[in-house]
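Enquirer: Below are the C-alpha coordinates for one structure; questions will follow.
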Amino acid sequence: MAKEVTPKGYEIERLFFDLIAENEAIRSKVKSYHSSLHRYLVFLCNKFYWKNPIDVHTSEAMLYSGIGDYRTYKQALQDLSEWGLIIWVFQTKNQ
(Lines give C-alpha, C1' and ligand atoms only; values in the text may rest on other atoms or scores of the structure.)
Protein backbone atom coordinates (compact mmCIF):
# COMPACT_ATOMS: atom_id res chain seq x y z
CA MET A 1 0.00 0.00 0.00
CA ALA A 2 1.44 3.36 -1.04
CA LYS A 3 1.85 6.07 1.55
CA GLU A 4 -0.30 9.13 0.96
CA VAL A 5 1.86 12.12 0.09
CA THR A 6 0.89 15.45 1.61
CA PRO A 7 1.77 18.48 -0.53
CA LYS A 8 4.05 21.08 0.98
CA GLY A 9 2.90 24.67 1.27
CA TYR A 10 5.77 25.87 -0.88
CA GLU A 11 4.77 23.53 -3.71
CA ILE A 12 1.19 24.75 -3.60
CA GLU A 13 2.23 28.41 -3.53
CA ARG A 14 4.55 27.80 -6.46
CA LEU A 15 1.59 26.48 -8.49
CA PHE A 16 -0.05 29.88 -8.06
CA PHE A 17 2.94 31.76 -9.43
CA ASP A 18 3.58 29.22 -12.19
CA LEU A 19 -0.02 29.58 -13.31
CA ILE A 20 0.33 33.36 -13.50
CA ALA A 21 3.60 33.10 -15.41
CA GLU A 22 2.26 30.61 -17.94
CA ASN A 23 -1.27 31.89 -18.55
CA GLU A 24 -1.65 35.39 -19.96
CA ALA A 25 -5.45 35.40 -19.57
CA ILE A 26 -5.14 34.74 -15.84
CA ARG A 27 -2.20 37.13 -15.49
CA SER A 28 -4.40 39.98 -16.74
CA LYS A 29 -7.08 39.17 -14.10
CA VAL A 30 -4.99 38.39 -11.02
CA LYS A 31 -4.99 40.98 -8.24
CA SER A 32 -3.13 41.21 -4.96
CA TYR A 33 -6.14 39.92 -3.04
CA HIS A 34 -5.96 36.65 -5.01
CA SER A 35 -2.41 36.14 -3.80
CA SER A 36 -3.13 37.06 -0.19
CA LEU A 37 -6.22 34.84 -0.03
CA HIS A 38 -4.36 31.94 -1.62
CA ARG A 39 -1.52 32.32 0.89
CA TYR A 40 -4.01 32.35 3.76
CA LEU A 41 -5.66 29.18 2.46
CA VAL A 42 -2.27 27.45 2.20
CA PHE A 43 -1.56 28.59 5.77
CA LEU A 44 -4.84 27.00 6.92
CA CYS A 45 -4.00 23.77 5.12
CA ASN A 46 -0.62 23.65 6.85
CA LYS A 47 -2.19 24.52 10.20
CA PHE A 48 -4.66 21.64 9.96
CA TYR A 49 -2.14 19.17 8.51
CA TRP A 50 -3.84 19.07 5.11
CA LYS A 51 -7.12 17.70 6.44
CA ASN A 52 -9.50 17.51 3.54
CA PRO A 53 -11.73 19.53 3.36
CA ILE A 54 -10.86 22.46 5.61
CA ASP A 55 -13.33 24.92 7.04
CA VAL A 56 -12.72 28.51 5.99
CA HIS A 57 -14.46 31.14 8.09
CA THR A 58 -15.29 34.16 5.96
CA SER A 59 -14.60 36.82 8.58
CA GLU A 60 -11.17 35.38 9.45
CA ALA A 61 -10.21 34.82 5.82
CA MET A 62 -11.14 38.39 4.95
CA LEU A 63 -9.27 39.76 7.97
CA TYR A 64 -6.05 37.83 7.43
CA SER A 65 -5.96 38.26 3.67
CA GLY A 66 -6.72 41.98 3.88
CA ILE A 67 -9.97 41.87 1.92
CA GLY A 68 -12.50 44.41 3.14
CA ASP A 69 -15.48 43.71 0.90
CA TYR A 70 -17.46 40.45 0.92
CA ARG A 71 -18.09 40.62 -2.84
CA THR A 72 -14.36 40.89 -3.50
CA TYR A 73 -13.72 37.94 -1.21
CA LYS A 74 -16.37 35.81 -2.92
CA GLN A 75 -15.06 36.74 -6.37
CA ALA A 76 -11.50 35.88 -5.33
CA LEU A 77 -12.65 32.45 -4.12
CA GLN A 78 -14.53 31.88 -7.36
CA ASP A 79 -11.48 32.90 -9.41
CA LEU A 80 -9.13 30.63 -7.45
CA SER A 81 -11.59 27.79 -7.95
CA GLU A 82 -11.99 28.44 -11.69
CA TRP A 83 -8.22 28.58 -12.11
CA GLY A 84 -7.90 25.17 -10.47
CA LEU A 85 -5.94 26.39 -7.46
CA ILE A 86 -8.57 25.41 -4.90
CA ILE A 87 -11.53 23.07 -4.83
CA TRP A 88 -14.59 24.81 -3.44
CA VAL A 89 -16.54 21.90 -1.99
CA PHE A 90 -19.57 23.77 -0.71
CA GLN A 91 -20.67 27.26 0.20
CA THR A 92 -22.67 27.96 3.32
CA LYS A 93 -25.73 30.16 3.04
CA ASN A 94 -25.76 31.62 6.54
CA GLN A 95 -22.74 31.39 8.81
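Enquirer: How would the chain be classified by its alpha-carbon gyration tensor: rounded, prolate or oblate, with rounded meaning a/c under 1.5 and the a/b versus b/c comparison settling the rest? Kindly include the intermediate steps, with their values, before the conclusion.
Expert: On the way: a/c = 1.79, a/b = 1.11, b/c = 1.61.
It is oblate, given that a/c is not under 1.5 and a/b is not larger than b/c.
Enquirer: Let me ask something additional. Could you compute the FRET efficiency for Glu24 and Asp55, with r as their C-beta to C-beta distance and R0 at 35 Å, rounded to 0.05?
Expert: 0.55
Enquirer: Now for a separate question. Would you work out which of Leu77, Asn23, Ser59 lies farthest towards the positive end of the dipole of the chain, given +1 charges on the beta-carbon of Lys and Arg and -1 on that of Asp and Glu, about the Cα centre?
Expert: Value computed over the given set: Ser59.
Enquirer: Also, I was wondering about something else. Suppose we flag trypsin sites (Lys or Arg not before Pro) only when DSSP calls them loop and at most 16 other Cβ atoms lie within 10 Å. Which is the longest uninterrupted stretch of the chain?
Expert: It works out to 52-92.
Enquirer: Can you tell me the accessible area per residue over the chain, all protein chains present, probe 1.4 angstrom, in square angstrom? It would help to have the intermediate numbers written out before the result.
Expert: Working: 7180 Å² over 95 residues.
Roughly 76 Å² per residue, with all protein chains present.
Enquirer: A follow-up question, please. Determine which residues of the range 21-46 fall in the zone a paramagnetic label at Lys8 would reach in this model, i.e. backbone nitrogen under 16 Å from the point 7 Å along Cα→Cβ.
Expert: 43, 46
Enquirer: Can you pull the percent of the chain's accessible area that's carbon plus sulfur, 1.4 Å probe, other chains left in place?
Expert: Details: 3810 of 7180 Å².
Ligands and nucleic acids excluded, carbon and sulfur reach 53 percent.
The values are calculated or read from the model by the stated rules, or taken from the named source; none is laboratory data. Note that the structure is predicted; figures quoted are calculated from it, not measured. All Cβ positions, glycine included, derive from the backbone under ideal geometry; neighbour counts span all protein chains shown. Areas reflect the complete protein model, heavy atoms only, side chains present, ligands, DNA and RNA absent. Shrake-Rupley method; radii C 1.70, N 1.55, O 1.52, S 1.80 Å.
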